[in-house]
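Below is one structure, written out as structure tokens, with a few remarks after it.
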Amino acid sequence: MTDPIESLVRGGTITRGRRTRNHVATLWMVGSMLLALIPLVLVLSYVISKGVAFVSWDFLTQAEPFGFNERGGGFWNGIKGTIKMMALASVIAIPIGVASAVWLVEFGRGWFAGTVRFVVDVMTGVPSVFVGVFVYSFVVLNTGHFSTWSGSVALALLMLPIIVKGCESVLLLVPDHLREASLALGVPRWRSVLGVVLPTAAPGLVTAIMLAVARAAGETAPLLFTTFGSRVVTGWTSFNGPDSALPLLIYRGARSAYAPAQERAWAGALVLIAMILILTIAARLITVRKGKVQA
Amino acid sequence: MSVKHAALVLTALAASAIVATGCGGDTKEVTGQSANASSAGGSGTALNGAGSTFQEPLVVKWSGDYGTTKGAGSINYQGVGSGAGIEQFTKKTVDFGGTDAPMKDEEIAAAQAAGGDVLHIPIALGAVVATYNLEGIDELKLDGPTLADIYEGTVTKWNDEAIADLNDGVKLPDTDIAVVHRTEESGTTFVFTGYLSAVDPEWADGPGQSKAPKWPVGTGGQGNDGVAAAVQQQQGAIGYTEISYALQNDLSFAQLKNEDGEFVQASLESTTAAGEGFDYPDDLRFSLLNSKTKGAYPIVSATWQLVWADGAKAGQDKATTAEIKNWLTWELTDGQDEAASLDYAPLPKDLLDKATAAVDSIQGD
Amino acid sequence: MVVLVVLGLMIWFTTMRSLPVVQATGASFVTSSDWLPSAGDLGTLSFVYGTLVTAAVAMLLAVPVAIGVALFLSEIAPKRLRTPLAYLIDLLAAVPSVVYGLWGVLVLVPFLGNHVWGPVSDHAGGFPLFEGPATGRSYATAGIVLAIMALPIITAITREVIATVPSAHREAALALGATRWEVIRLAVLPYAKSGITGAVMLGLGRAMGETIAVALVIGGSSTISASLFHPGYTMASVIANEFPEATGDHINALIGIGVLLFVLTLIINVGARLLVWRTARKLR
């Protein structure tokens, strides 16, 4: 075997062997791309075709019927629970997340900031089921019961590292000369962060936050141990009892043998994906608009 | 400012951590049924129950109808398996438990220590059927020993001689048998393995009768519903469920040989037959397996709800105890009329009388 | 700073809950596969085994495809197609795991169980890896679902890593008359190698920690079986399945499994992040 680079230099012409290898490799890459799209197309087409057939106004406004084999009814208890939980989780995670990101970018120096950054990275990889188990031992066991807000805590914990990472990369994009200009005017560091850096980065921050919210909205595993599920529709201000969530109801439907339950699960999956996509697309649009303004 | 903010949160977290460890160690057990009374609808008191999935379709449907009757509260029943039902009832995290396996003496002793005497209130009879998924085969006959061999993993093909001998003229496929069982502690499993133990000595000496035996082979399903789903999705699968799950999901189920040596199809009639001519004990703990009655299906069981004999002794308030009596009475009257339409057999007259008397005897309301 | 505290709390509380049970069970907590909580048997080996097997199947399927996609997107795809195709792959990551689970159990399980695994098993002639009875709910099906879920992560990180390869390297190779594949092999892969390894490990971490989708398609059996077509359990899925019904020691043992899983994924994640970071730093 000759050194490949040497043969490149010496050869000059492209031999048949090299061409074949190039073709095989190209085929592999193109083939991979197509192969990767197959599951996406399959999953989405099933969810859309089955989901559309069973989504209705009732589905969005009623809870499940009492009879196992009854059609009709819907997932309103879960949709409402998910909205409640996402709202509370956002209230918990966004201030902490944004503050951590600001600290990392504006004040974070040295090994400590490095460690924090690293832990945030690692935390994005913590299995969500473990977060659920943790909140169960930390919150549920100490309060004595499952509740909407313990579910929110679990979701907030999942959102937190994503928000920190997303916001950090957005804040890094804020040009240094803006900071310097503000500081040169004698504005204290913290005021220039509040008055200059954050407003400049605002659209990007919103995008990062919305992506984190979208990610957490689909989580199921942590809710099994924290909100538990409930057949009844709970009130908007009830946070202390067991509650339902859209992903939980989809999960229960997927486990069932009853056709009506499975149908509702498909419809629920469509609603959930629609919620997530709307959030994701809206988040991207905000950044795109901002990009145009700057250009 | 961010540092200050972070410091604040930090302090708060640290404080909560200290508080939490302070009272940590042996915190109480938790379930989803506690502390959500206020969130449920209805005008009366809300009751929480949990346990058997054998009775879940019946109880959940009943709870909807009961909720519409005058002065009734709301019933929230979670199907978590009989084992968890007994456990949660004993720990008083639910107002009533649901089980298809009567409590064992040591379980009763534990409950007595926690809240006094326990009443077993039967609410309906049901059959446990062997459901299977074989294309084109609507009728299949099995006997106890063969069923036990399948669950032991010694009969592994559908065209095994043991099965073929029972099914003259049926063209059995050369496919593997995929065994499905329950994963959690289940009363349905208790009834099913009780039958296997009674008819097959090897099963009795091996896995035995249990709410959760050590399964030699098979896939696990969650609840009756999960077993039905697993059978539905796999050709060549066999599982066991309460009959309503099989009927409502269009699953085929096998005829079983009973004590008389005749093959019996599980149905409302053959389930009811199993409950006839039986001398019910006063504590209402009994087994209807292998009934000697003609035409009776061999794997039949009552399904019970567990309540405290004296609500006051168990720490229940008067309203809750009164509501429990109201609910149980409704189950034994209006509920019985509706049972058949949900594929459960109503209680035979003599059992119903004893059950009603037991409900009336509840103290503390 | 809060995140450090939270991570600390996570480890502290779950460990405290589960320690007594794990101590009482001793070494057999991880060396025994006897899992019968009602009788006090709490050996978790079969769950560890299931986690490793399904993750291995997933990586075997996902890695070549994911790297192929990443290379396609960063090296040979027409410029106009890159962004939309990359969005589609990101979309794969945006689909919640419960939706993969729903599709997996209602579509994939019956299809594979009734039309694919059986025939494969029959033709494999008793080869232990493919032994029957083949069921749709199995290690193999779980591996496929996990592969789909791990793919977008591996692709995304690999692309990030490849993007840090200085264009001077590519241009140098091109100037020597290299084919596109040779550019990738000589200029891109050597530089990105440890970063790509990191990406694969992150995918592995995701596959091992995934819960809901696996819980729906793996069957649920605490026996260890060599056959990929048999049902099993993973650490994450047994927690999800048994938690709602568990009480007492059973629950604490499940929390213990959670801690074990956390430690395993933590090791993998830390290793992966270190590799990705090193690549990025080396190039800086």
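Just give me the residues in segment C:30-58 being closer than 17 Å to C:A246 by Cα and either modelled with pLDDT of 90 or more or crowded, with 19+ Cβ neighbours inside 10 Å (or both), in sequence order.
C:W35, C:P37, C:L42, C:G43, C:T44, C:F47, listed by residue number.
Mind listing whichever residues of segment A:118-156 are open to solvent by 20 Å² or more (accessible area, probe 1.4 Å), over 22 Å from C:E210 (Cα atoms) and in contact (Cβ under 8 Å) with a residue 24 or more places away in the chain?
The answer is A:H145, A:W149.
For segment C:102-114, check the following and say yes or no: at least one residue is over 28 Å from A:L248 (Cβ atoms) and open to solvent by 20 Å² or more (accessible area, probe 1.4 Å).
Keep residues of segment C:102-114 that are over 28 Å from A:L248 (Cβ atoms), which gives C:114.
Still in the running and open to solvent by 20 Å² or more (accessible area, probe 1.4 Å): C:114.
Yes; the residues of segment C:102-114 include at least one that is over 28 Å from A:L248 (Cβ atoms) and open to solvent by 20 Å² or more (accessible area, probe 1.4 Å).
So B:A229 passes all but one of these: (1) aliphatic (A, V, I, L, M); (2) in contact (Cβ under 8 Å) with a residue 40 or more places away in the chain; (3) under 20 Å from C:G232 (Cβ atoms); (4) part of a helix (DSSP H, G or I). Which condition number does it fail?
Of the numbered conditions (1) aliphatic (A, V, I, L, M); (2) in contact (Cβ under 8 Å) with a residue 40 or more places away in the chain; (3) under 20 Å from C:G232 (Cβ atoms); (4) part of a helix (DSSP H, G or I), the odd one out for B:A229 is (2).
So how many residues does segment A:179-202 have that are of a type outside the set (G, A, S), part of a helix (DSSP H, G or I) and open to solvent by less than 60 Å² (accessible area, probe 1.4 Å)?
The qualifying residues number 6.
Name the residues in segment C:73-90 that are touching a helix residue (DSSP H, G or I) at 6+ places or on another chain (Cβ under 7 Å) and without any contact (Cβ under 8 Å) to a residue 12 or more places away in the chain, would you?
Within segment C:73-90, C:A77, C:R82, C:L88 meet the criteria.
Condition check ((1) more than 16 Å from B:S244 (Cα to Cα); (2) assigned by TED's automatic domain parsing to the domain that holds B:T68) across all residues:
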position: B:D282; (1), (2): yes, no
position: B:S291; (1), (2): yes, no
position: B:Y297; (1), (2): no, no
position: B:V307; (1), (2): yes, yes
position: B:G315; (1), (2): yes, yes
position: B:T320; (1), (2): yes, yes
position: B:D353; (1), (2): yes, yes
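Filter segment C:211-260 down to residues that are facing another protein chain (nearest Cβ under 9 Å) and of a type in the set (D, E), then give me how many there are.
Result for segment C:211-260: 2.
Go through C:I184, C:I196 for me and flag whichever is away from chain A (no Cβ under 12 Å) and β-branched (V, I, T).
After applying the criteria, what remains is C:I196.
Restricting segment A:32-83 to residues that are among the hydroxyl-bearing types (S, T, Y) and surrounded by 16 or more Cβ atoms within 10 Å (Cβ to Cβ), which is nearest to the chain's Cα centre (by Cα)?
The residue in question is A:T82.
Take C:I76 and decide whether it is open to solvent by less than 50 Å² (accessible area, probe 1.4 Å), of a type in the set (V, I, T) and modelled with pLDDT under 90.
Spelling it out, C:I76 is indeed open to solvent by less than 50 Å² (accessible area, probe 1.4 Å), of a type in the set (V, I, T) and modelled with pLDDT under 90.
Is there a residue in segment B:322-338 that is modelled with pLDDT under 95, of a type in the set (A, V, I, L, M), surrounded by fewer than 22 Cβ atoms within 10 Å (Cβ to Cβ) and out of contact with any helix residue (DSSP H, G or I) (no Cβ under 7 Å at 6 or more places or on another chain)?
yes
Would you kindly identify the helices (runs of 4 or more DSSP H) lying entirely within segment C:1-106 that contain at least 3 residues that are within 14 Å of chain A (Cβ to nearest Cβ)?
Ranges flagged: C:2-25, C:45-71, C:79-94, C:97-103.
Right, B:V179: facing chain C (nearest Cβ under 9 Å) and within 20 Å of B:S252 (Cβ to Cβ) or not?
Yes: the conditions hold for B:V179.
Does A:G235 satisfy the condition of being free of Cβ contacts under 8 Å to residues at least 24 places away in the same chain, open to solvent by 10 Å² or more (accessible area, probe 1.4 Å) and more than 17 Å from the chain's Cα centre (by Cα)?
Yes; evaluated as a whole, the condition is true for this residue.
The values are calculated or read from the model by the stated rules, or taken from the named source; none is laboratory data. Given the structure is predicted, the values throughout are model-derived calculations rather than measurements. All Cβ positions, even for glycine, are placed from backbone atoms using ideal geometry, and neighbour counts span all protein chains on display. Surface accessibility is based on the protein's heavy atoms, side chains included, excluding ligands, DNA and RNA. Shrake-Rupley method; radii C 1.70, N 1.55, O 1.52, S 1.80 Å.
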